[in-house]
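Asker: Quick one: this structure, given as structure tokens, is what I'll be asking you about.
The values are calculated or read from the model by the stated rules, or taken from the named source; none is laboratory data. Remember, predicted model here, so these are calculated numbers, not experimental data. Every residue, glycine among them, receives a Cβ derived from its backbone with ideal geometry; neighbour counts consider all protein chains shown.
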Amino acid sequence: MVCLFFFVVALTSCATYQPLKPRVMLHPKAYQNFITTVEGLSIAAILFNPNRSMYSDPNDPNPSKPTFNLLEAGVCPIRLIFFNESAEPIVIDPTQITCTDVSGVTYQPFGVEEAGDAIVASQAFKTWVKGAMAGALLGGMIGAGLGAATGAAIGGRDWARRGAVIGGTSGAASGAGAGGSTLQFQMERQVRQMLERDQLKETTLPPNMRHEGMILFPAVNFQTVEIVLSDPEYQQTRQIEIPILIPSQ
């Protein structure tokens, strides 16, 4: 029974562990289906895909997947990658980026706080939290079972009963017991921190430099993304229209 206990612990540890996949940093031209090049400026626009991370290598056959489908919450992030191969600096202003759907309707991006509020208020987020809480309850039940097995191995039926109580309490403490409002708060914070960390920030991009970030649009049927760029003195502007390829779901 003791051997079985350690075997199950090892098995569950191996089953839940997922190695961290680093974010790759590639030239926008590596994203062949998403690239637009105008006057020395290369721009890749990668839409959120629930089946693969926007930050994975486009040639990786086994990419990591997002933990939460933001599309179900009404938000569609787009990762924009800029590489300035022209001779002049370029001002990138996220407020000057819009998208247009197949009906010709143009949308402004969400702000980070606005998108975060919409996500955590959505039914999709509530379902995600419930799934995490169900996993926590399962942790409590597994803890009870393993506690009983260990108790029985040590001291028979009486110790098995004690082990079940201890194991269930321990499992629930790390899972179900902490899975109420605290778990929901942690998951909400995780989403908001991700949006804040990855958002596209305003910058002046010098020649031969790279800049990237996320723009948060409504989850609509995209056709194009429109970007207005300018020089540092705002004497000239130019608009770039990027056709969007919707990833297969």
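So that you can scan it fast, the table gives a plain yes or no per residue for (1) part of a helix (DSSP H, G or I); (2) modelled with pLDDT under 90; (3) β-branched (V, I, T); (4) surrounded by 20 or more Cβ atoms within 10 Å (Cβ to Cβ):
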| residue | (1), (2), (3), (4) |
| --- | --- |
| L71 | yes, no, no, no |
| L80 | no, no, no, yes |
| G131 | yes, yes, no, no |
| L146 | yes, yes, no, yes |
| W159 | yes, yes, no, no |
| R162 | yes, yes, no, no |
| G167 | yes, yes, no, yes |
| A172 | yes, yes, no, no |
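Asker: Tell me which residues, restricted to region 211-246, are within 22 Å of the chain's Cα centre (by Cα) and either in a strand (DSSP E or B) or not hydrophobic (A, V, I, L, M, F, W, C) (or both). Spell out how you get there, then give the answer.
Answerer: The initial filter retains those residues of region 211-246 that are within 22 Å of the chain's Cα centre (by Cα), namely 211-222, 225, 244-246.
The answer is H211, E212, G213, M214, I215, L216, F217, P218, N221, F222, V225.
Asker: Now for a different question. Failed condition for F7, given (1) aromatic (F, W, Y); (2) outside the structural domain of R238 (by TED's automatic domain parsing); (3) at pLDDT 90 or above, with all others met?
Answerer: Of the numbered conditions (1) aromatic (F, W, Y); (2) outside the structural domain of R238 (by TED's automatic domain parsing); (3) at pLDDT 90 or above, the odd one out for F7 is (3).
Asker: A further question follows. Taking only pairs six or more apart or across chains, which ones have beta-carbon atoms under 9 Å, a first residue in region 84-102 that is under 13 Å from P232 (Cβ atoms), and a second residue that is of a type in the set (K, R)?
Answerer: Correct list of pairs: N84/R210; I92/K201.
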